[in-house]
Amino acid sequence: LSGIEQFISGLLVALAPVNLFACLLGVLLGTLVGVLPGLGPAAAMSLMLPFSVKYGPLAGLIMLAGVWYGAMYGGSTTSILVNIPGEAASVVTCIDGYQMARRGRAGAALALVALGSWMAGTLGMAGLQFFAPVVGRAALYFGPPEYLALLVFSFVVLSTLVGQDQAKGVMMLTLGLFLGTIGIDPISGVPRFTFGPTVLMDGIDLVPVAVGLFGISEVLRLAGQPHGATQAARVRLRELYPNSHEARRAIGPTLRGSLIGFLCGLIPGPAPTISTFMSYGLEKRISPRRDEFGHGAVEGVVGPESANNAAVIGSLVPLLALGIPFSPPAAVMLAGLRLHNVNPGPLLFSQAPQMFWGFVASMYLANTVLLVLNLPLVGIFARIATTPPRILIPVVSVLCLVGGYSVRCSMFDVWVMIASGLAGYLFDRYGFPVAPVVIGLVLGPTAEANLRLTTQLLHGNPGEILHRPVVLAFLVLAVVFQVAAGRVGRTKKPMAATSKVEV
Amino acid sequence: MGMLGVLVLGASLRMGWGSIPDEPGPGFYPGLVGIALLVASVMASRRPSSSQEKAADQATTGFSVLYVLAAYVAWICLMPWFGYVLVTCLVSFAIAKAVGFRGWIGPLVLAVGISLLTYLLLDVWFFVDLPRGLLEGIFP
């Protein structure tokens, strides 16, 4: 089948009622998650895992992607209307978005962001359609040493980009890798770190850890803060029309933001957040109206928001083509796919083309649904954003508790979740990033399997690596990145401000 | 965290590293992880950190955090006897009061609503087997 035929067949699959329902539910929940300053996309996606089981792998994947993608849309609403970023990737939008709202241009800002995000999503999907199969085909030539080198590169980049201190990032990553070793060793059958009881033999499940680190810790943080009332700016439907001057100014930033976001998504790390800073920096640098930045510049709102939406799509390329998640939400998606016995990777495109193309088509639908949903319902979402913590905390607590329990109907998982939540709360207070723990937990078993296979393939001769150019390339890139990061480390304060990124 | 690294390394040696590099044993990879954990901990502890200042600056009410945590633990411990609906109702009510929800009607409506809604969603719709406890006869 040609690309167009495959896409049309995917569209037919996506239009199946169950997939349409999953799409609608996912984007709606994602928008709510983005709007509420409590749960992040990773925790919300973790909570959706048990729900996704009922509807099969494709509907589950569509729902999870919808939550992630919807959260990027929802985050902008609160940033613009109430100056509260619903999630880390919307922090930059607050700078000029809220200023536009104060000048009475909230409606225009929301409309431009929605249109820009839609455009970025559409362009990103076109990129995913093109790049994912290409990367997948290239990855067919990867052996265990190449995968191991790619993982090493990913670990170096992740520990560098997440958090203020690389040593803390490495520490959190290795903590995740350690958690991934708990359970029975798949090759020798030796129990590792199980301390006797059988409950740990299957290892530590990702869902309770993710919900604990991202959901429970956020609840504890909210519970420990003094709460104040927040007023949202009211926006009427007729106010949602940007004037022609604003619309013209938004075109360039949308296209640049889409490109920056998509490229950021291809590398390991908190891509949506980083892409917003990069986009904002670029727009400010090249704009003839530099003085307007910080006081309500259209470019400062549209560029970053387009970038974070495109970054989500970009992140799907390594996930679907290589089976390697570069961010916590992608890790949760991988967990969801494994829950359905679907293994993303180079063979996905040949062995389950309906899955890939159905997913691509559904993302186009989700993108359009979000546009339709976000503009007329913006007033409702803004009011939801001001839900007081006294209501939010009990509701999110119950969702976390029951979500942690429901994956395996295990109270042990709830204990793990609470312990992870307390650990996440304390880690956050002392400046330790929690995202690498989740990545380490998910990628740990893959890293170990590839390490063992690599040592066997090399027959005790590490020099054989020199005959593998891809391995060399990844290792050199890792060293280069590490050196470069060391040089600019002292000047990355803006990024450090969002050390609790990508949740 | 450095101590954890040492413990992981010690345990990995007991598991056996195998014949490196031909045939690594079950302790080889955890051993590498333990070493990495130890090295990262040493590096992190040697750097000046502003996080302690951040922690000190945060105006937090530790009591609420402990109260919420205690409610979570109660949710687990009471579940076998009281069942999902009753325990969730009690715990969410307690959390609502702990974080400053004034009055009795509001928190009660919230607690009953969230426990019944999640029960219907998960148990009835998604077939997750939630414990019934005391209300076995009412919630079949």
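The values are calculated or read from the model by the stated rules, or taken from the named source; none is laboratory data. Please read all numbers here as calculations on a predicted model, not as lab measurements. Cβ placement follows ideal geometry from the backbone for every residue including glycine, while neighbour counts extend to all protein chains displayed.
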Practice item. Go through segment A:265-292 and count every residue that is without any contact (Cβ under 8 Å) to a residue 12 or more places away in the chain and either outside any helix (DSSP H, G or I) or hydrophobic (A, V, I, L, M, F, W, C) (or both). Key: 3
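Listed here are the residues, each with its yes/no results for (1) among the aromatic types (Phe, Trp, Tyr); (2) surrounded by 24 or more Cβ atoms within 10 Å (Cβ to Cβ).
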site	(1), (2)
A:LEU47	no, yes
A:TYR69	yes, yes
A:GLY74	no, yes
A:ALA89	no, yes
A:CYS94	no, no
Exercise for review: Among what's in segment B:5-39 and is touching a Leu at 6+ places or on another chain (Cβ under 8 Å) and over 19 Å from A:PRO445 (Cα atoms), pick the residue that is surrounded by the fewest Cβ atoms within 10 Å (Cβ to Cβ).
Suggested key: B:VAL6
**Study point:** Members of segment B:114-140 found to be of a type in the set (Gly, Ala, Ser) and in contact with a Ser or Thr (Cβ under 9 Å, 6 or more places away or on another chain), listed by number
**Key:** B:SER115
Review point. Across segment A:117-142, which residue is surrounded by the fewest Cβ atoms within 10 Å (Cβ to Cβ) among those that are part of a helix (DSSP H, G or I) and among the hydroxyl-bearing types (Ser, Thr, Tyr)?
Key: A:THR122
Review point. Within the set of pairs 6+ apart or on separate chains, which have a first residue in segment B:30-45 that is more than 8 Å from chain A (Cβ to nearest Cβ), a second that is part of a helix (DSSP H, G or I) and surrounded by 21 or more Cβ atoms within 10 Å (Cβ to Cβ), and C-beta atoms under 6 Å apart?
Key: B:GLY31/B:SER12; B:LEU38/B:GLY5
Study note, to complete from the structure: If we keep only residues of segment A:143-181 that are of a type in the set (D, E, K, R) and not in a loop (DSSP other than H, G, I, E, B), then the residue modelled with the highest pLDDT is A:GLU146
Review point. When you go through A:ALA16, A:ALA114 one by one, which is the residue that is over 16 Å from the mean Cα position of the chain (by Cα) and either crowded, with 24+ Cβ neighbours inside 10 Å or free of Cβ contacts under 8 Å to residues at least 60 places away in the same chain (or both)?
Key: A:ALA16
Practice item. With the condition kept exactly as written, say whether any residue in segment A:222-231 is crowded, with 17+ Cβ neighbours inside 10 Å and at pLDDT 85 or above. Key: no
Practice item. Give the residue, chosen from A:GLY358, A:GLY345, A:GLY379, that is in a loop (DSSP other than H, G, I, E, B) and either in contact with a Lys or Arg (Cβ under 9 Å, 6 or more places away or on another chain) or more than 14 Å from chain B (Cβ to nearest Cβ) (or both). Key: A:GLY345
Check your understanding: If the Cβ limit is 7 Å and pairs must be 6+ apart or interchain, which residue in segment B:78-107 that is free of Cβ contacts under 8 Å to residues at least 60 places away in the same chain pairs with which residue that is among the basic types (Lys, Arg)?
Key -> B:GLY83/B:ARG132; B:ALA96/A:ARG390; B:VAL99/A:ARG390; B:GLY100/A:ARG390; B:PHE101/A:ARG390; B:PRO107/B:LYS97
Exercise for review: Name the residue, out of A:PRO329, A:PRO304, A:PRO318, that is modelled with pLDDT under 85 and under 26 Å from the mean Cα position of the chain (by Cα).
Suggested key: A:PRO329
Revision key, fill the gap. Of the candidates A:GLY169, A:GLY74, A:GLY180, A:GLY116, the one satisfying the condition of being over 30 Å from A:LEU347 (Cβ atoms), in contact with a helix residue (DSSP H, G or I) (Cβ under 6 Å, 6 or more places away or on another chain) and within 14 Å of chain B (Cβ to nearest Cβ) is A:GLY169
**Study point:** Top-ranked residue in segment A:344-363 [being in contact with a Leu (Cβ under 7 Å, 6 or more places away or on another chain) and not small (Gly, Ala, Ser); ranked as surrounded by the most Cβ atoms within 10 Å (Cβ to Cβ)]
**Key:** A:PRO344
Exercise for review: Determine whether segment A:200-214 contains at least one residue that is in contact with a Cys (Cβ under 7 Å, 6 or more places away or on another chain), within 14 Å of another protein chain (Cβ to nearest Cβ) and in contact (Cβ under 8 Å) with a residue 40 or more places away in the chain.
Suggested key: yes
Exercise for review: Please work out if A:GLU299 is crowded, with 24+ Cβ neighbours inside 10 Å, touching a residue at least 12 places away in the same chain (Cβ under 8 Å), over 23 Å from the mean Cα position of the chain (by Cα) and part of a helix (DSSP H, G or I).
Suggested key: yes
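Among the residues of segment A:251-272, write down those that are farther than 10 Å from A:ALA307 by Cβ and in contact with an Asp or Glu (Cβ under 7 Å, 6 or more places away or on another chain). Full working, then the answer.
From segment A:251-272, those farther than 10 Å from A:ALA307 by Cβ are A:251-252, A:255, A:266-270; that's our starting set.
If the condition is that a residue be farther than 10 Å from A:ALA307 by Cβ and in contact with an Asp or Glu (Cβ under 7 Å, 6 or more places away or on another chain), then A:PRO270 is the only one that fits.
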Review point. Of the residues that sit in segment B:78-125 and are surrounded by 15 or more Cβ atoms within 10 Å (Cβ to Cβ) and part of a loop (DSSP other than H, G, I, E, B), which one is farthest from the other protein chains (Cβ to nearest Cβ)?
Key: B:GLY83
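Would you mind finding the one in A:LEU24, A:LEU49, A:LEU36 that is touching a residue at least 24 places away in the same chain (Cβ under 8 Å), within 21 Å of A:ASN367 (Cβ to Cβ) and out of contact with any Lys or Arg (no Cβ under 9 Å at 6 or more places or on another chain)?
Step by step, each of A:LEU24, A:LEU49, A:LEU36 is checked, and only A:LEU24 is touching a residue at least 24 places away in the same chain (Cβ under 8 Å), within 21 Å of A:ASN367 (Cβ to Cβ) and out of contact with any Lys or Arg (no Cβ under 9 Å at 6 or more places or on another chain).
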Exercise for review: Within segment A:384-401, identify whether any single residue is without any contact (Cβ under 8 Å) to a residue 24 or more places away in the chain, more than 20 Å from A:LEU220 (Cα to Cα), assigned to a helix (DSSP H, G or I) and facing chain B (nearest Cβ under 9 Å), and answer yes or no.
Suggested key: no
